[in-house]
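All remarks here apply to the structure that follows.
The values are calculated or read from the model by the stated rules, or taken from the named source; none is laboratory data. The model shown is predicted, which means the values in this text are computed figures rather than measured ones. We place every Cβ from the backbone using ideal geometry, glycine too, and count neighbours over all the protein chains shown. With ligands, DNA and RNA removed, areas are computed over all heavy atoms of the protein, side chains included. Shrake-Rupley method; radii C 1.70, N 1.55, O 1.52, S 1.80 Å.
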Amino acid sequence: MSEYVNELENNEKIASNNISENDRLSLLKSLVQSEEKLKKEERKQKILQVLRKIFTYIFLFVLAIIMVFPFYWMIISSLKDIDEYYLTIPTFWPQTFHFENYIDAWNKADFGRYMINTIIVGVTSTIVSLFITILAAFAFAKLKFKGRDLLFTILLATMMIPGEMFTITNYSTISNWGWKDSYTVLIVPFLVSVFYIYLLRQNFKQIPDSLYYAAKVDGCSDMKYLFKIMVPLSMPSIITITILKLMGAWNSYIWPRLVTTSDAYKLVTNGLRTAFNDEASGRINYPLQMAAVVIVSLPLFIIFVIFRKYIMRGVSRSGTKG
């Protein structure tokens, strides 16, 4: 700022007729030097800005390669034959494309049974869990009862307990109750999610209480107010919870593997784990297994691409107040 002020003062002095010729020349020289200095500073800033952009794009490109490479390896592996896959030096492009691997993978594994089981477990657990989440979030957000905040704090505290601890206790419980190898054991233990309740509660708290009081004056019941007003207003967060819950049920692996031993109740994740052992060579046919993984992952990828904006919008809205 001071440089511009000095420049203006010098211009005024040069324009005036009350200075000598030598002073006029020195002022012109200082003006030229200040202009050159400003140009050098501008060039420096442009160079730094370009270097900053180059570094940012290189960093993002490296991260993108790291994230995309596992998917690339999965796809090219699904198009190889078993001998090429087990080469000492791996190939990063199939020597010959074996698209029949997808057909063989579908026929070799009991895909139909596994997909039906996964759909039953995923859809049922998502619907029931969503209903429980909506009721619990509404109670903690709008209803006033003794011990509400303390109970919610205790629920939040359970999020600090490692998930493996719940797996141990849940497995012990269902073993004593004889629930193994059933749809019940795959659905019931994980119907309640404290994280989803918290997510939806934060969204419910953004809805003004004046709407609730006005609805009560008009004789509207709590359940009617919940499903006629609050649920439509919170639809982005509800869609987010639905998608995340469905994807979680679809990707579940450890729990179904622990509690199911019969093929009649296996899901796609654990059902495909041992379905591709090559008895002739004693090796696992990884190309067929990768083809099966691609088939299983494709629905989730399509769902995420279609509904990604709802996921982002629901999470961002749920974290703005509370």
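Points 7 angstrom from Cα along the Cβ direction at residue 254 and residue 36: gap in nanometres?
Distance between the two pseudo-spin positions: 6.9 nm.
In nm, to one decimal, how far is the modelled label at residue 151 from the one at residue 211, with both set 7 Å along Cα→Cβ?
2.3
Need one word for the stretch 105-170: rounded, prolate or oblate. Basis is the Cα gyration tensor (sqrt eigenvalues a ≥ b ≥ c); a/c below 1.5 gives rounded, then a/b vs b/c decides.
Because a/c hits 1.5 or more and a/b fails to exceed b/c, the stretch 105-170 counts as oblate.
Could you compute the net charge surrounding residue 139? Neighbours are other residues with a C-beta less than 14 Å from the C-beta of residue 139; K and R count +1, D and E count -1.
Around residue 139, the charge tally is +4.
Please give the per residue volume of the convex hull enclosing the alpha carbon atoms of the stretch 171-246, rounded to a whole number of Å³.
Taking only Cα atoms, the stretch 171-246 has a hull volume of 124 Å³ per residue.
Is the shape of the stretch 205-245 best called rounded, prolate or oblate, per the rule: a/c under 1.5 gives rounded, else a/b larger than b/c gives prolate, else oblate, with a ≥ b ≥ c the square roots of the Cα gyration tensor eigenvalues?
On the way: a/c = 3.98, a/b = 2.24, b/c = 1.78.
Here the stretch 205-245 falls in the prolate category.
Among 205/228; 266/309; 142/245; 80/245; 228/309; 108/309, which pairs are too far apart, with a Cα-Cα distance over 27 Å?
Those over the limit are 266/309; 80/245; 108/309.
Where does the stretch 127-260 land on Rg/Rh, using Cα atoms and the Kirkwood Rh?
1.04
Under a 1.4 Å probe, what is the accessible area of the stretch 48-156 per residue, stated in Å²? Numbers along the way, then the final one.
Values: 7180 Å² over 109 residues.
Heavy-atom accessible area per residue stands at 66 Å².
Subtracting the Cα-Cα distance from 0.36 nm times the residue separation, let me have the gained length for residue 128 to residue 169 in nm, one decimal. Mind dumping the intermediate values first?
Working: separation 41, 0.36 × 41 = 14.76 nm, distance 2.20 nm.
This chain segment gains 12.6 nm when fully extended.
Just subtract the alpha-carbon distance of residue 177 and residue 229 from 0.36 nm times their residue separation and send over the number in nm, one decimal.
Here the answer is 14.7 nm.
Ordered by packing density, taken as the mean number of other Cβ atoms within 10 Å over each peptide's residues, highest first, how do 248-255, 230-237, 194-201, 33-40 rank?
Listed from highest to lowest mean packing, they are 194-201, 230-237, 248-255, 33-40.
Over the stretch 147-188, what per residue volume does the convex hull of the Cα atoms give, in whole Å³?
Details: hull volume 3.8 nm³, N = 42.
Looking at the stretch 147-188, the number lands at 92 Å³ per residue.
Report the Cα-based extents of the stretch 36-139 along its three principal axes, largest first, to the nearest Å.
In descending order, the Cα extents are 77, 60, 20 Å.
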